[in-house]
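Enquirer: Below you'll find the structure I mean.
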Amino acid sequence: MSIERFVALLHAYGIERLADIRTVPRSRRNPQFNDAALAVALKAENIDYVPLSALGGLRHARKDSPNTGWRKSWACADASAEAVRLALMAMKGEMGYPSVLTAPYYGLYDARFGGRRFEFQKCS
């Protein structure tokens, strides 16, 4: 996908801020999506670029984890995207799964942020 088409999709859905959760925000095949190039392209289109690699993949499940999906490397990005979606729902108070944030050890607060809660900045 070209960067122009990607930006057009972001505009079409009214996205004003892009959170990049990739642990390694680079691509040999699609260099237009490397972190630096993407940040420049988005800035030119008045879209904020926010690197959040702490939410990214390349995680390894504990042997006693009930989440066997993380043992498959291809599932990491899927799991991360779903976790962010559910976290946003929980933070807004929408129906969903609040435990995605607060579950001991496996919730995002414990698993990725050392027990600290996080807040997203509001777009102005």
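Enquirer: Looking only at the range 15-42, which residues are assigned to a helix (DSSP H, G or I) and not aromatic (F, W, Y)? Step through it out loud before you land on a result.
Expert: Just the residues of the range 15-42 that are assigned to a helix (DSSP H, G or I), to begin with: 31-33, 35-42.
Once the filter is applied, which keeps residues that are assigned to a helix (DSSP H, G or I) and not aromatic (F, W, Y), the range 15-42 yields P31, Q32, D35, A36, A37, L38, A39, V40, A41, L42.
Enquirer: Of the residues A36, A41, which is exposed (fewer than 12 other Cβ atoms within 10 Å of the Cβ) and modelled with pLDDT of 75 or more? Steps first, please.
Expert: Numbers: A41 fails: exposed (fewer than 12 other Cβ atoms within 10 Å of the Cβ).
Being exposed (fewer than 12 other Cβ atoms within 10 Å of the Cβ) and modelled with pLDDT of 75 or more holds for just one of A36, A41, which is A36.
Enquirer: Same structure again: Please work out which one of (1) in contact with a Lys or Arg (Cβ under 6 Å, 6 or more places away or on another chain); (2) farther than 24 Å from R17 by Cα; (3) modelled with pLDDT of 70 or more is the condition D48 fails and give its number.
Expert: Among (1) in contact with a Lys or Arg (Cβ under 6 Å, 6 or more places away or on another chain); (2) farther than 24 Å from R17 by Cα; (3) modelled with pLDDT of 70 or more, the lone unmet condition for D48 is (2).
Enquirer: Kindly evaluate A61 against the criterion of being surrounded by 11 or more Cβ atoms within 10 Å (Cβ to Cβ), under 14 Å from the mean Cα position of the chain (by Cα) and modelled with pLDDT under 70.
Expert: Working: surrounded by 11 or more Cβ atoms within 10 Å (Cβ to Cβ): yes; under 14 Å from the mean Cα position of the chain (by Cα): no; modelled with pLDDT under 70: yes.
Considered against the rule, which asks whether it is surrounded by 11 or more Cβ atoms within 10 Å (Cβ to Cβ), under 14 Å from the mean Cα position of the chain (by Cα) and modelled with pLDDT under 70, A61 comes out as no.
Enquirer: Restricting the search to the range 1-31, which residues are farther than 20 Å from R85 by Cβ, loosely packed, with under 14 Cβ neighbours inside 10 Å and not charged (D, E, K, R)? Walk me through it before giving the result.
Expert: Filtering the range 1-31 down to residues farther than 20 Å from R85 by Cβ leaves 1-5, 7-8, 11, 24, 26-31.
Applying the additional criterion that residues be loosely packed, with under 14 Cβ neighbours inside 10 Å yields 1-2, 4-5, 8, 11, 24, 26, 28-29, 31.
Within the range 1-31, M1, S2, A8, H11, V24, P31 meet the criteria.
Enquirer: Can you pull out the residues in the range 106-121 that are modelled with pLDDT under 70 and among the hydrophobic types (A, V, I, L, M, F, W, C)?
Expert: F120
Enquirer: Then there is this: Filter the range 77-105 for residues that are among the hydroxyl-bearing types (S, T, Y), assigned to a helix (DSSP H, G or I) and modelled with pLDDT under 70 and give the result. Write out each step before concluding.
Expert: Taking the range 77-105 as the starting set, the residues that turn out to be among the hydroxyl-bearing types (S, T, Y) are 80, 97, 99, 102, 105.
The next check asks that each one be assigned to a helix (DSSP H, G or I); those that pass are 80, 99, 102.
Once the filter is applied, which keeps residues that are among the hydroxyl-bearing types (S, T, Y), assigned to a helix (DSSP H, G or I) and modelled with pLDDT under 70, the range 77-105 yields S80, S99.
The values are calculated or read from the model by the stated rules, or taken from the named source; none is laboratory data. Keep in mind that what you see is a predicted model, and the values were worked out from it rather than measured. Note that we place each Cβ from the backbone using ideal geometry, even for glycine, and neighbour counts take in every protein chain shown.
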